[in-house]
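Have a look at the structure below before the remarks.
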Amino acid sequence: MYNFEFEKPGSVADAVAALGAEDAQALGGGQTLIPTLKQRLNQPSKLVSLSGIADMKGVSASGGMITIGGATTHATVAAEASAYPALAATAAHIGDPAVRNRGTIGGSLANNDPAACYPAALLGSGGSVKTDNRDIDADEYFQGMFSTALEEGEIITGVTFNIPEKANYQKFVQPASRFALVGVFVAKHADGVRVAITGASEDGVFRWSEAETALSSNFSAAALDGISVSADGMITDLHGTGAYRAHLLGILTKRAVAAAA
Amino acid sequence: MNKVSMTVNGKAVSGEVEGRTLLSSFLRDDINLTGTHVGCDTSQCGACVVHVDGEAVKSCTMLAAEADGAEVKTIEGMANADGSLSVIQQAFQDHHGLQCGFCTPGMVMSAAALLKENPQPSEQEVRTYLEGNICRCTGYHNIVKAIMAASGQDVSVIAAE
Ligand code: FES
Ligand code: FES
C-alpha cells in the first residue's frame, strides 16, 4: 500500500469537510477498499474513516420502510433488521463472520461491485440512498459496474428499503471470494414484483423486467417457464461463462419465488 | 503519523503508526505479539483473526489507526490467568485440531467469537461459521470436533478422523 493520511471525524459535517482535500477518499469498513489499496490500484492522499460517526449507525423501521445508517455493519443488519427478514438474511450471508463485523452497507453500495449482494437487495426492494445532501432513488442510483450516482466526496449517510409483502434472496456463492457468482433478489410488493440480479451482467446489478411482468400477474415459479435472459452482455470469467450465468439466474429466480416469505 | 492507544489483552499499549499500517502489522511488528499470523494478507484465510471490542475481525484488513481506543484481544490473551490453556485451546490439543498450527490462532479466535454468540452450535453451524478460516492441514474435521467439545457437547458421533 502507498501511504496516506488517516482521519476519523465524529460527524457527517466534519467528514464532508475532510473529504474536500484533494484525492481524499471515504473509508467504510475497508473490506474492499483495503485489499484494493494493497494492490496499489488506488492512491488516495487521505482516508476519511466513517466508523466514528454515531449518527450513521443503526437500524430503524417505520411506515413500511426500514432505514439503515450508512456506517452500519453487515453483522448489525443481520441481527437487527428483523422488520425485513429477507434483508437480514441477505446481510447474514455476505463474506464471512469477520468480514461482516467490519464491512458496511454504505461502503458496499458506494463501491457497487458487480457481484455484491446489497445492490440486488436495494434495487429489488426499491427505496433510496440518502447522502449528506440529497436522496437518490434506487432506480437512479446504480449506473453500471463500480459506478453510481454519487458525486466525488458525497457520503452515503443512510439507506432506505421499501419492505415488500414477500421477498427472498438466492445467492450462488463463488466459494473463493464469497461474493455471488449470481445472486437474485425477488420482492413482491402490493403494486408489483421487482427482480434484481447481481453477479451476472457486465453492466452490474439490473432489474429483469420480463420476469417482473410475468411474476406480477402470477407470483409462482411456473410463471417463469419459457422466459430467459440472453447470454450477451453477461460476465464470462474463469468461474463461469455468460451462458452459464444466464441459465443460473433463471434457476435462482425460480428458487427465490418459491422461497419468498 | 497517527498516535494510537489501545488495550491489548488487558494491557494499555500505544505507539505511532502510518495511515497505512495494518492492525496485524502493529500487533506483530510494533508490539511483538507474533501469535497473530498473516497467511494471505488478502482477507481470505482468517489466520489473522483477533477480537476488536469483542468482535472477530481480520486484522490484516483493518487499519491500526481504526483500532485507536479499542479493546483488542489476540491469541496471546486466550490462556487462563495461571498460564494454563483455555477450554478452547485445550480442546484443540485434545482433539488434534491442529497440525502445523499456522491457522490455529485465527481458528481459536473465531471459535471463541462463535461460542460467545452461540454457546451450543450444531456441527453445521460450526462449519458455516468457519467459512472465512482456511486450514491447509487438518481437513477441518478435528477443528470442528474441538470446537464442539469446547462447547461441552458429545463429539463421539462426529464424522471421520
Ligand atoms: S492474513 Fe488476514 S485473512 Fe489471511
Ligand atoms: S494446522 Fe496447518 S494450516 Fe491449519
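Considering B:69, B:15, B:35, B:19, the condition of being under 17 Å from the mean Cα position of the chain (by Cα) and either outside the structural domain of residue B:120 (by TED's automatic domain parsing) or not hydroxyl-bearing (Ser, Thr, Tyr) (or both) is satisfied by B:35 alone. Looking at the structure I just gave you, is residue B:91 more than 16 Å from ligand 1 (Cβ to nearest atom), closer than 20 Å to residue B:149 by Cβ and in contact (Cβ under 8 Å) with a residue 40 or more places away in the chain? Yes.
Residue B:156 fulfils the conditions (1) at pLDDT 95 or above; (2) open to solvent by 40 Å² or more (accessible area, probe 1.4 Å); (3) more than 14 Å from chain A (Cβ to nearest Cβ) except for a single criterion, (1). Applying the selection to the range B:14-40, what residues are of a type in the set (Val, Ile, Thr) and either part of a loop (DSSP other than H, G, I, E, B) or within 16 Å of ligand 2 (Cβ to nearest atom) (or both)? Once the filter is applied, which keeps residues that are of a type in the set (Val, Ile, Thr) and either part of a loop (DSSP other than H, G, I, E, B) or within 16 Å of ligand 2 (Cβ to nearest atom) (or both), the range B:14-40 yields B:21, B:31, B:34, B:36, B:38. Which is more than 13 Å from chain A (Cβ to nearest Cβ) and within 16 Å of ligand 1 (Cβ to nearest atom), of B:21, B:34? Criteria check complete, one pass: B:34. For the range B:110-142, the candidate set comprises residues that are among the β-branched types (Val, Ile, Thr) and more than 16 Å from ligand 1 (Cβ to nearest atom); within that set, the residue that is most open to solvent (accessible area, probe 1.4 Å) is B:128.
Filter the range A:149-190 down to the residues that are among the aliphatic types (A, V, I, L, M) and either crowded, with 20+ Cβ neighbours inside 10 Å or within 17 Å of residue A:246 (Cα to Cα) (or both) and list them by number. Within the range A:149-190, A:155, A:156, A:159, A:163, A:167, A:173, A:180, A:181, A:182, A:184, A:186, A:187 qualify.
With respect to the stated conditions, residue A:103 fails to be farther than 24 Å from residue B:130 by Cβ, out of contact with any Phe, Trp or Tyr (no Cβ under 7 Å at 6 or more places or on another chain) and of a type in the set (Gly, Ala, Ser). Take the residues of the range A:52-97 that are polar (S, T, N, Q) and in contact with a Ser or Thr (Cβ under 8 Å, 6 or more places away or on another chain): which is surrounded by the fewest Cβ atoms within 10 Å (Cβ to Cβ)? Among those that are polar (S, T, N, Q) and in contact with a Ser or Thr (Cβ under 8 Å, 6 or more places away or on another chain), it is A:60.
Out of B:57, B:49, one residue alone is within 9 Å of chain A (Cβ to nearest Cβ) and either within 16 Å of ligand 2 (Cβ to nearest atom) or open to solvent by 30 Å² or more (accessible area, probe 1.4 Å) (or both). It is B:49.
Where helices (runs of 4 or more DSSP H) sit wholly within the range A:97-167, those with at least 1 residues that are without any contact (Cβ under 8 Å) to a residue 24 or more places away in the chain occupy A:97-100, A:138-141. The set of residues in the range B:65-74 that are more than 9 Å from every other protein chain (Cβ to nearest Cβ) and either touching a Leu at 6+ places or on another chain (Cβ under 8 Å) or free of Cβ contacts under 8 Å to residues at least 40 places away in the same chain (or both) comprises B:67, B:72, B:74. Taking strands (runs of 3 or more DSSP E) as the structural unit, those lying wholly within the range A:1-81 and holding at least 3 residues that are of a type in the set (A, V, I, L, M, F, W, C) and either within 11 Å of chain B (Cβ to nearest Cβ) or at negative phi (or both) correspond to A:24-27, A:65-69. Does any residue of the range A:187-194 turn out to be assigned to a loop (DSSP other than H, G, I, E, B) and touching a residue at least 40 places away in the same chain (Cβ under 8 Å)? No, that holds for no residue.
The values are calculated or read from the model by the stated rules, or taken from the named source; none is laboratory data. Note that the structure is a prediction, hence the values are computed from the model and not measured. Reconstructed Cβ throughout: ideal geometry from the backbone, glycine too, with neighbour counts over all protein chains shown. Only protein heavy atoms, including side chains, enter the accessible area calculation; ligands, DNA and RNA are left aside. Shrake-Rupley method; radii C 1.70, N 1.55, O 1.52, S 1.80 Å.
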